[in-house]
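Shown next, in structure tokens, is the structure this report addresses.
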Amino acid sequence: MYFINPFKGLRPTEEKASSVSIPSTDHLSEEVITKHKKNNPWSYLNIFSNKILSKAKEQFELMKNNSIIKKDATNSFYIYKISTENHSQVGIIGTAKLSAYDNLHIRGHEEIYLERSQKRFDQINNLNAQIGPIYVVHPDDTKLTEMINKQIVSKPVYSFDSLDKCHHELWVMNEESAVLKTSEIFNTINRIYIADGHHRIEALSKFAEFKKHQNPSHTGKEAYNYFMVAIFPKSQARILDYNRLIKDLYGYSPKDFIKQIKKNFFVTKKDSPFKPSEPRSFGMYLDKNWYSIKLKKNPEQNLFSIINLDINLLHHYLLEPILGVEDPRYDKRIDFIAGFHGLESIEKKVNSGEAKVGFALFATRIEDVIDFADQKLTMPPKSTWFDPKPLDGLVAYDFE
């Protein structure tokens, strides 16, 4: 088998694609989710939001039995284009072997929450399928770009606007020579980086071991030894800021809190919302005022794993020593909000009393993601918000 392989995708019919597939629920309000579920009975939201696993499984089987989703007859790659008003990216959906993740041909950069990984495992095991791809990036490759560009001159099988306000297009590549050439190109690349889906891939690894133990005739070639990836070139991946909210000031008054911050940061009050335009500076919303805060000095040299990573700098010099925030994976006083919600979302949370202070961060660079992965270092949870993201359910991979 190749590094990246074609597979027989489980896909919705053309007319059902927009109502069946779903974006990350982080994009959606409870009101939108409730309305969409009610108006679209075959949406995957009706599976993932069902807390009773047997009912979720029953719904999934009904979708297959009623031909809402069908499995392709031929091994294929799926070319996937996602577009927003000011950005577009084109990649390929295929499968990779889980052993490539274990031996670091597929590299991650982020710590995980065990509880979230277990939840993903339960979903995958219940459905015996991977509904959404792991979003990964690869070093740019001219030959692969040329191959993709030849394929997308034809009409896509899907073309629609989704709940995430992005336009999604999909082409099926199943011509044998094109499939073979694509696999061969990926063999020369031979390294990809996880952008989004660290919890899913941990769950898939656990699932593969679980299935292996159930199968006395295990050969390593079974479907559960592979997982589905949506692979985009590095130059097209877009990372947005991932901002922080803290629920209290650890006993400080706003005035005394600012006094503490000034020990390590230059603090400047702003007349309007402040979004940092360079590393080592942050926006801060406190007591209905915006501030810019900028680190006064270079990070300590022994902090090799946090240099150039703003999220760790903020934690090391402010969140932990001043606000007493410890491990962000488990501390209930910290919350996270993706940059696509805008700075007004920070204001809203603080003004409502849900948080006492909010921090706007400079977006993590893709070069930092790759550098951390190559050094086998991990970033804190919620370090990156890749946007736009692949939909769940546009192409699924079952393990039957």
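The values are calculated or read from the model by the stated rules, or taken from the named source; none is laboratory data. Source: prediction; values computed, not measured. In this analysis, Cβ positions are derived from the backbone assuming ideal geometry, glycine residues included, and neighbour counts consider all displayed protein chains.
Hey, among 120, 191, 116, which residue is among the basic types (Lys, Arg) and closer than 16 Å to residue 392 by Cα? Don't jump to the end; show me each part of the working.
Working: 191 fails: closer than 16 Å to residue 392 by Cα; 116 fails: closer than 16 Å to residue 392 by Cα.
Of the residues listed, the single one that is among the basic types (Lys, Arg) and closer than 16 Å to residue 392 by Cα is 120.
Condition check ((1) closer than 23 Å to residue 104 by Cβ; (2) touching a strand residue (DSSP E or B) at 6+ places or on another chain (Cβ under 8 Å); (3) among the acidic types (Asp, Glu)) across all residues:
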position	(1), (2), (3)
189	yes, yes, no
210	yes, no, no
225	yes, yes, no
235	yes, no, no
252	no, no, no
258	no, yes, no
267	no, yes, no
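Out of region 102-115, which residues are under 18 Å from the mean Cα position of the chain (by Cα), surrounded by fewer than 21 Cβ atoms within 10 Å (Cβ to Cβ) and in contact (Cβ under 8 Å) with a residue 24 or more places away in the chain?
107, 110, 111, 112, 113
From the list 47, 33, pick out the single residue that is β-branched (Val, Ile, Thr), touching a residue at least 40 places away in the same chain (Cβ under 8 Å), part of a helix (DSSP H, G or I) and over 30 Å from residue 147 (Cβ atoms).
When all the criteria are applied, what remains is 47.
I need a count of the residues in region 154-171 that are over 13 Å from residue 81 (Cβ atoms) and surrounded by 15 or more Cβ atoms within 10 Å (Cβ to Cβ).
Qualifying residue count, region 154-171: 2.
Say we look at region 369-400 and pick out the residues that are in contact with a helix residue (DSSP H, G or I) (Cβ under 9 Å, 6 or more places away or on another chain) and charged (D, E, K, R); which of these is surrounded by the fewest Cβ atoms within 10 Å (Cβ to Cβ)?
Result: 400.
Could you tell me whether any residue of region 177-194 is over 30 Å from residue 124 (Cα atoms) and assigned to a strand (DSSP E or B)?
no
Among the residues of region 219-230, are any modelled with pLDDT of 95 or more, among the aliphatic types (A, V, I, L, M) and over 30 Å from residue 142 (Cα atoms)?
Checking region 219-230: at least one residue is modelled with pLDDT of 95 or more, among the aliphatic types (A, V, I, L, M) and over 30 Å from residue 142 (Cα atoms).
Take region 356-400 and flag every residue that is in a helix (DSSP H, G or I) and either in contact (Cβ under 8 Å) with a residue 12 or more places away in the chain or among the aromatic types (Phe, Trp, Tyr) (or both).
Selection gives 366, 368, 369, 370, 372, 373, 374.
Which members of region 70-97 meet the condition of being surrounded by fewer than 23 Cβ atoms within 10 Å (Cβ to Cβ) and either closer than 29 Å to residue 41 by Cβ or not assigned by TED's automatic domain parsing to the domain that holds residue 175 (or both)?
Scanning region 70-97 gives 70, 71, 72, 73, 76, 81, 83, 84.
Looking only at residues that are buried (at least 16 other Cβ atoms within 10 Å of the Cβ) and not polar (S, T, N, Q) in region 17-36, which one is modelled with the lowest pLDDT?
Filtering region 17-36 for residues that are buried (at least 16 other Cβ atoms within 10 Å of the Cβ) and not polar (S, T, N, Q), the one modelled with the lowest pLDDT comes out as 27.
If I go through region 344-355 residue by residue, how many of them are in a loop (DSSP other than H, G, I, E, B) and either surrounded by fewer than 21 Cβ atoms within 10 Å (Cβ to Cβ) or among the acidic types (Asp, Glu) (or both)?
So the answer is 3.
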